[in-house]
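Just below is one structure, and these are the notes that go with it.
Each value in this text was obtained by applying a stated rule to the coordinates, not by laboratory testing. Since this is a predicted model, take the numbers as computed values, not measurements. For neighbour counting, all protein chains shown are included, and Cβ atoms are generated from backbone atoms with ideal geometry for every residue, glycine included.
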Amino acid sequence: MKLLDSQGRLFGKISILDVGAALVILLVVVGIFFFPGTSGSVAQVNVPTKPIEVDLIVRGLSVRDPKALIQEFQKTNTTNVIIRNQPYGKIDIKSVQLLDKMLAVPQPDGSVKPKPDPRVEENYSSNLLITLTGKAQITETGPVLGNSKLKIGTPVELEGFTYNFNSSVIDVRVLDK
């Protein structure tokens, strides 16, 4: 009996192309399940965890009563955080501060001084400085909260019972406790 016949079939029944396709599929399955490789996660094993404080700034938040929002922050003391569109979970709120809106007012001598905006009651736009506290993994490239690096300029979304808005990181402090 011949190994290959005139039509390229093994033992006259199985095509060589079918054997090649089955072999490729088998190698792919073995490669996926037995040699999976890295997951691409930023989080690492045996990385020290330290407490951090993160300052966020919220500019131009449209809110009717900013003091009621601040009271909600103080009442719950936690908020849900989404960093770079990746949900992290709850994190503690250390402080919330309503920032004054300032105007550049020209002086008679030609200089410019910042003065409080007298129109604050008329518009529904507020600026907030929020300080969050939590524990982060400290890697060679900086603090990691969940699976997201936390650096100045990182967009952070805050979500609670009555609010959902975006902010930006303006300071990250690693505490040595």
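Across segment 49-64, in residue order, what do the Karplus-derived ³J(HN,Hα) couplings come to in whole Hz, using 6.51 cos²θ - 1.76 cosθ + 1.60 with θ = phi - 60° and x for Gly and Pro?
With coefficients 6.51, -1.76 and 1.60, one gets 10, 10, x, 10, 10, 10, 9, 10, 10, 10, 10, x, 6, 7, 8, 6 Hz.
Under 5 Å between amide H atoms, partner at least 5 residues away or on a different chain: which partners does T78 have, H built in plane at 1.01 Å?
Distant-sequence amide H within range of T78: I93.
Assuming R0 = 22 Å, what is the FRET efficiency of T49 and N80, from their Cβ-Cβ distance, to the nearest 0.05?
According to the calculation, E is roughly 0.60.
Using the per-residue mean of other Cβ atoms lying within 10 Å as a proxy for protection, in what order, highest first, do the peptides 16-23, 146-153 fall? Write down the numbers at each step before the final one.
Values: 16-23: 10.9, 146-153: 15.8.
Ranking, from highest mean packing down: 146-153, 16-23.
For K101, what residues show an amide H to amide H distance below 5 Å, using hydrogens built from the backbone and excluding near sequence neighbours?
Those lying under 5 Å, H to H, from K101 are D117.
Run the helix sum for the chain: -39,500 (n - 2.57) per DSSP H stretch of 4+ residues, divided by residue count, reported at 222 nm to the nearest 500 deg cm²/dmol.
-5500 deg cm²/dmol
In segment 132-175, with Lys and Arg counted as +1 and Asp and Glu as -1 at Cβ, which of these residues, G160, L150, V174, has the Cα nearest the positive end of the dipole, that is, farthest along it?
V174
Dividing the alpha-carbon radius of gyration of the chain by 2.2 N^0.38 Å (N being the number of residues), what value is obtained?
Scaled against compact globular proteins, the figure is 1.85.
From the convex hull of the Cα coordinates of segment 90-177, what is the mean projected area in square nanometres?
9.1 nm²
Among 46-56, 25-35, how do they line up by average Cβ neighbours within 10 Å per residue, starting with the highest?
Those peptides, ordered most packed to least, come out 46-56, 25-35.
Identify the GluC sites (Glu not before Pro) of segment 67-140 meeting these criteria: DSSP loop state and at most 11 other C-beta atoms within 10 Å of the C-beta.
Answer in residue order: E121, E122, E140.
Using amide H atoms built 1.01 Å from N in the peptide plane, name the residues 5+ places from R84, or on other chains, whose amide H lies under 5 Å from its own.
E157
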